[in-house]
Amino acid sequence: MASAGLPEPRPAIRLLNYAFVLGKGIIVLFVIGALIQSFVVTPFRISGISMETNFHDGEFVAVDKITYVVQNPQRGDVVVLKFPADPSHLFIKRIVGLPGETVKIDQGKVYINNQPLVEAYLPEAINSQPDQVKVLGFDEYWVMGDNRPNSNDSRYWGILPKDDLVGIVRFSLSPGLFGWISQPAY
C-alpha cells in the first residue's frame with residue numbers, strides 16, 4: 001500500500017531488496033561459521049588405522065580448539081595435532097606423557113616415572129615397542145596411536161610441543177558412532 005501519495009515499489013525493486021537482505025544474512029552466517037571453525041570447533045576426518053579399535057579410518061570427529069587455551073592437556077586425551085615433520089599434515093593420537101615426566105617403554109610396556117601406565121582403552125596384549133626412555137620438558141608431550149603396531153607417533157618422531165596441538169577430540173560425527181568421546185580416568 002502506497003503511503004501519502006508515494007508510488008508502491010515495483011516488484012523488481014522488492015525482489016532486489018529481498019536478495020540484498022538475504023545476501024547480507026548469508027554473508028554474516030558464513031563469517032560466524034568460519035570464526036567458529038577457526039577458533040572453537042572444527043570437523044576432522046580420520047585417515048588411517050593408527051587409532052583402531054577406538055577410532056576408525058574415514059570417521060568424522062569434532063575437535064574442540066578452545067579447551068587448551070584455558071587448561072592443560074591431560075593424559076588420555078585424544079588429540080588432533082600438526083605432524084612435527086610436516087605441519088600441513090594433521091594426525092590423531094592419544095596423549096600418554098605430560099610435561100616433566102619420564103616416559104619409558106620397556107619390553108613393550110609403557111611406564112610413566114617408573115610406574116606402569118594402565119591403558120584400559122587398549123587391548124591387554126598390545127605391544128608398544130620399540131624400547132626407549134624420554135624425559136619431557138616444559139610444554140612437551142608424548143603421544144601414541146591406540147593401534148601401536150601401526151602408528152607413526154612419538155616413538156618414531158619424538159616429543160610433541162604444545163604449540164603443535166590443534167585440539168581435543170570431543171565428539172564422533174559418524175553414523176553408528178555418533179556421540180561424545182569419553183576420556184579415561186587415571
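Net charge in the neighbourhood of Asp64 (other residues with Cβ under 12 Å of its Cβ; Lys, Arg +1, Asp, Glu -1) is +1. For Lys24 and Tyr111, the difference between the fully extended length at 0.36 nm per residue and the C-alpha to C-alpha distance is 25.7 nm. Three principal axis extents of region 99-149 based on alpha-carbon atoms, in descending order, are 31, 18, 17 Å. So how strong a dipole does region 48-186 carry about its Cα centre when Lys and Arg Cβ are +1 and Asp and Glu Cβ are -1, to the nearest 20 debye? Computed charge dipole of region 48-186: roughly 140 debye. Across region 37-76, Cα-Cα distances exceeding 17 Å account for 46% of all pairs. Across region 106-186, the relative contact order, built from alpha-carbon pairs under 8 Å that are at least six residues apart, equals 22 percent. Taking a ≥ b ≥ c as the square roots of the eigenvalues of the Cα gyration tensor, region 51-149 is oblate, since a/c reaches 1.5 or more and a/b is not larger than b/c. With Rh defined as the Kirkwood radius, the inverse of the mean 1/r over Cα pairs, the Rg/Rh of the chain is 1.26.
Taking 0.36 nm per residue of sequence separation and removing the Cα-Cα distance, the Asn54/Asp139 pair yields an extension gain of 28.0 nm.
Only Cα pairs under 8 Å and 6+ residues apart enter the sum, and on that basis the relative contact order of region 39-163 stands at 23 percent.
Measure nothing fancy, just the Cα-based angle from helix 11-39's long axis to the longest principal axis of the chain, in degrees from 0 to 90, nearest 10. Orientation of helix 11-39: about 10 degrees from the principal axis.
Throughout, read-outs are computed from the coordinates displayed, never taken from laboratory work. Owing to the predicted nature of the structure, the values given are computational and were not obtained by experimental measurement. As a convention, Cβ positions derive from the backbone with ideal geometry for all residues, glycine included, and neighbour counts pool all protein chains shown.
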